[in-house]
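Contents: one structure, followed by commentary.
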Amino acid sequence: MGENVEKLKHLLPHLLEHNLEHVKEHRRWVALCEEAGMKDIADDLREVVSHFEACTPYFESAISKIQKI
């Protein structure tokens, strides 16, 4: 298990950063859809953003916990 713990210590921060990059990119698409008059699609993408954002505290919690091992 020790090898997996070390892998997770490196992987979890990467996954958090990757998730935050997705949030940023999806927000950009929300704005582009709104500008193009595609409000219904922008609304759907806003929901996507909210789900990605909801993952952030879980990544942060997992990072905090794994660092204590």
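Using the Karplus equation 6.51 cos²θ - 1.76 cosθ + 1.60 (θ = phi - 60°), what ³J(HN,Hα) coupling, rounded to whole Hz, does each residue of the stretch 64-69 give in order, writing x for Gly and Pro?
So the Karplus estimates, Gly and Pro as x, are 4, 5, 5, 5, 8, 8 Hz.
Just 12, 20, 32 to compare: in a GNM of the chain, with alpha carbon springs under 10 Å, which one fluctuates most?
Highest fluctuation among the options: 32.
Provide the gained length on full extension for the span residue 17 to residue 41, in nm with one decimal, where the gain is 0.36 nm per separating residue minus the Cα-Cα distance.
6.1 nm
In square angstrom, what is the accessible area per residue of the chain with a 1.4 angstrom probe?
Numbers: 5150 Å² over 69 residues.
Accessible surface, normalised per residue, equals 75 Å².
With a 1.4 Å probe and every protein chain kept in, tell me what percent of the accessible surface of the chain is carbon plus sulfur.
C and S fraction of accessible area: 62 percent.
Could you compute how much accessible surface residue 55 exposes when probed at 1.4 Å, giving the result in Å² to the nearest 10?
Residue 55 exposes around 50 Å² with every protein chain in place.
Express in Å², to the nearest 10, the accessible area of residue 52 obtained by rolling a 1.4 Å probe over the protein heavy atoms while all chains stay in place.
Accessible area of residue 52: about 60 Å².
I'd like the accessible area for residue 27, computed on protein heavy atoms only with a 1.4 Å probe and all protein chains in place. Round to 10 Å², please.
Surface accessible to solvent at residue 27 totals approximately 130 Å².
For the chain, what does the relative contact order come out to in percent, with C-alpha contacts under 8 Å and a separation of six or more?
45 percent
Quick one: angle between helix 2-35 and the longest Cα principal axis of the chain, in degrees between 0 and 90, rounded to 10, please.
Roughly 10 degrees, rounded to the nearest 10.
Can you give the Kirkwood hydrodynamic radius of the chain from its Cα pairs, in Å with one decimal?
Kirkwood hydrodynamic radius for the chain: 13.4 Å.
Can you work out the FRET efficiency for the pair residue 29 and residue 58, with r the C-beta to C-beta distance and R0 = 22 Å, to the nearest 0.05?
The pair residue 29/residue 58 has a calculated efficiency of 0.40.
The values are calculated or read from the model by the stated rules, or taken from the named source; none is laboratory data. Given the structure is predicted, the values throughout are model-derived calculations rather than measurements. Glycine also receives a Cβ, built like all others from the backbone with ideal geometry; neighbour counts cover every protein chain displayed. The accessibility values were calculated without ligands, DNA or RNA, using every heavy atom of the protein model including side chains. Shrake-Rupley method; radii C 1.70, N 1.55, O 1.52, S 1.80 Å.
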